[in-house]
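The values are calculated or read from the model by the stated rules, or taken from the named source; none is laboratory data. Given the structure is predicted, the values throughout are model-derived calculations rather than measurements. Cβ coordinates were reconstructed from backbone atoms using ideal geometry, including for glycine residues, and neighbour counts include every protein chain displayed.
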Ligand SMILES: Nc1nc2c(ncn2[C@@H]2O[C@H](COP(=O)(O)OP(=O)(O)OP(=O)(O)O)[C@@H](O)[C@H]2O)c(=O)[nH]1
Ligand SMILES: [Mg+2]
């Protein structure tokens, strides 16, 4: 896979659309456009050129708009061409085939971004952010990808690297001139500084626990006794009439999912069959599914009819009611509250609501969003979330720097400390890609789409 090849790929999905984009990158990009558009003068860079793209035999393929970026000023670092044609897959195929006939080859998945990385235009965290930005399914995931693409994580890593290098330089000076004491420049001494960097690294590594919430979203199970208002809650969360609501107990038999509307995170709510002791064989099948959903959820919303005596819930559910991941929705607030409700599950956080019509829906969704962040089930708007790959390297770096600090306690072994500091630097380098590892890069870019 050489960067001196010219590569071509459709950058837009297969299917019919108003417009589609074919991307070409490499040394042939400029002449290829020049020839196919039958231009007498070279294509001006960064300028939209309208023309008929013709195959080698002169047959017209489509009227297109071509934009050329010259090497050094393009995303990839090479001459790079974007051809916008009409969004018919047949046209895209013919245009691509023509580029192949003119000497290009088909791009591998992620190869454009890989070129940008190899050309030093972006670091590895930014390359990953390109894929994240495309796949983000919520506002918060988009914001996180945007920050990483802007280089926020790369800059953090650069600062940790600089600080570690500073300590390493002092340690090496001490190795060369052991008769002198360890440097007086920083009163905290090298060990304390290494531990400080390690602790920051560990803190950031821990944010990766939110990575899955950003990527795959969260599941919230709505559980409770029959007729408590679970389906009413699902509808309120979804902002749509998804589930059947009826005064008959046992309306919902199976579970049913809907995306929660208006949250910055992708949250799926799951309505379930009512849970109670006893019941028919069919009800038991439904209840088994409810419990399965409850076990698999990131958060439980336990709906309770606050106007009635507290329900008797099955023991299997009670064991799942962890105060950190359960919110009780005390429903039917429009009716007089039953006095015994005050003593019902006092350890759990409660929210009073009326789910009769949509009146509380928006406030409920907002409260749900706040609760998810407050309980650290979901990341907050300001949090920088690192990926699993970054976290793993950060944890290794932290471990090495902690070990380095250990060697600076009596008996002081400066050489061993320096070696550990160096391996900490290597781990930091992996995050941004200052390493030469083809296999790792292959794996990483293989998850990209073709044309990216
Ligand atoms: N008064 C009052 N009635 C409500 C409220 N919320 C729901 N209800 C009524 O309670 C009944 C049951 O509501 P559902 O949402 O179907 O309850 P459920 O928990 O899904 O019931 P099952 O699926 O049968 O287990 C319906 O008649 C609703 O209109 C409320 O806040 N106040
Ligand atoms: Mg229901």
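Regarding the stretch 104-116, can at least one residue be identified that is crowded, with 21+ Cβ neighbours inside 10 Å, over 23 Å from the mean Cα position of the chain (by Cα) and not assigned by TED's automatic domain parsing to the domain that holds residue 259? Yes: the stretch 104-116 contains one or more residues that are crowded, with 21+ Cβ neighbours inside 10 Å, over 23 Å from the mean Cα position of the chain (by Cα) and not assigned by TED's automatic domain parsing to the domain that holds residue 259.
When residues in the stretch 285-307 are screened for being more than 16 Å from ligand 2 (Cβ to nearest atom) and not in a strand (DSSP E or B), 8 of them pass.
The single condition among (1) assigned by TED's automatic domain parsing to the domain that holds residue 287; (2) buried (at least 16 other Cβ atoms within 10 Å of the Cβ); (3) more than 16 Å from ligand 2 (Cβ to nearest atom) that residue 201 does not satisfy is (1). Among the residues of the stretch 230-244, the one identified as more than 11 Å from ligand 1 (Cβ to nearest atom) and buried (at least 24 other Cβ atoms within 10 Å of the Cβ) is 237.
Just the residues that are more than 7 Å from ligand 1 (Cβ to nearest atom), closer than 20 Å to residue 289 by Cα and assigned to a loop (DSSP other than H, G, I, E, B), please, taken from the stretch 245-262. Scanning the stretch 245-262 gives 253, 254, 255.
A residue that is assigned to a loop (DSSP other than H, G, I, E, B), in contact (Cβ under 8 Å) with a residue 12 or more places away in the chain and loosely packed, with under 13 Cβ neighbours inside 10 Å occurs somewhere in the stretch 309-317.
When residue 246 is tested against the conditions (1) touching a strand residue (DSSP E or B) at 6+ places or on another chain (Cβ under 8 Å); (2) within 12 Å of ligand 2 (Cβ to nearest atom); (3) under 23 Å from residue 361 (Cα atoms), the lone failure is (1).
How about the stretch 280-307: which of its residues are surrounded by fewer than 18 Cβ atoms within 10 Å (Cβ to Cβ) and either more than 11 Å from ligand 1 (Cβ to nearest atom) or touching a residue at least 60 places away in the same chain (Cβ under 8 Å) (or both)? If the condition is that a residue be surrounded by fewer than 18 Cβ atoms within 10 Å (Cβ to Cβ) and either more than 11 Å from ligand 1 (Cβ to nearest atom) or touching a residue at least 60 places away in the same chain (Cβ under 8 Å) (or both), then 280, 281, 282, 284, 285, 288, 289, 292, 295, 296 are the ones that fit. When the stretch 206-229 is filtered for residues that are near ligand 1 (Cβ under 9 Å from one of its atoms) and either closer than 19 Å to residue 362 by Cβ or in contact with a helix residue (DSSP H, G or I) (Cβ under 7 Å, 6 or more places away or on another chain) (or both), the ones remaining, listed by number, are 222, 224, 229. Restricting to the stretch 93-117, what's the tally of residues that are under 14 Å from residue 29 (Cβ atoms) and outside any helix (DSSP H, G or I)? Within the stretch 93-117, residues that are under 14 Å from residue 29 (Cβ atoms) and outside any helix (DSSP H, G or I) number 5. Residues in the stretch 263-275 that are within 13 Å of ligand 2 (Cβ to nearest atom) and assigned to a loop (DSSP other than H, G, I, E, B): 272, 273, 274, 275.
The condition of being under 34 Å from the mean Cα position of the chain (by Cα) and within 27 Å of residue 212 (Cβ to Cβ) does not hold for residue 403.
Looking at the stretch 331-342, is at least one residue assigned by TED's automatic domain parsing to the domain that holds residue 225, under 24 Å from residue 219 (Cα atoms), within 36 Å of the chain's Cα centre (by Cα) and away from ligand 2 (no atom under 16 Å from the Cβ)? No: zero hits.
Kindly evaluate residue 219 against the criterion of being in contact (Cβ under 8 Å) with a residue 24 or more places away in the chain, more than 30 Å from residue 336 (Cα to Cα), assigned by TED's automatic domain parsing to the domain that holds residue 345 and part of a helix (DSSP H, G or I). No: the conditions fail for residue 219.
Being more than 12 Å from ligand 1 (Cβ to nearest atom) and surrounded by fewer than 19 Cβ atoms within 10 Å (Cβ to Cβ) is the filter; apply it to the stretch 263-279 and report the residue that is modelled with the lowest pLDDT. Step by step, filter the stretch 263-279, then rank; the result is 278.
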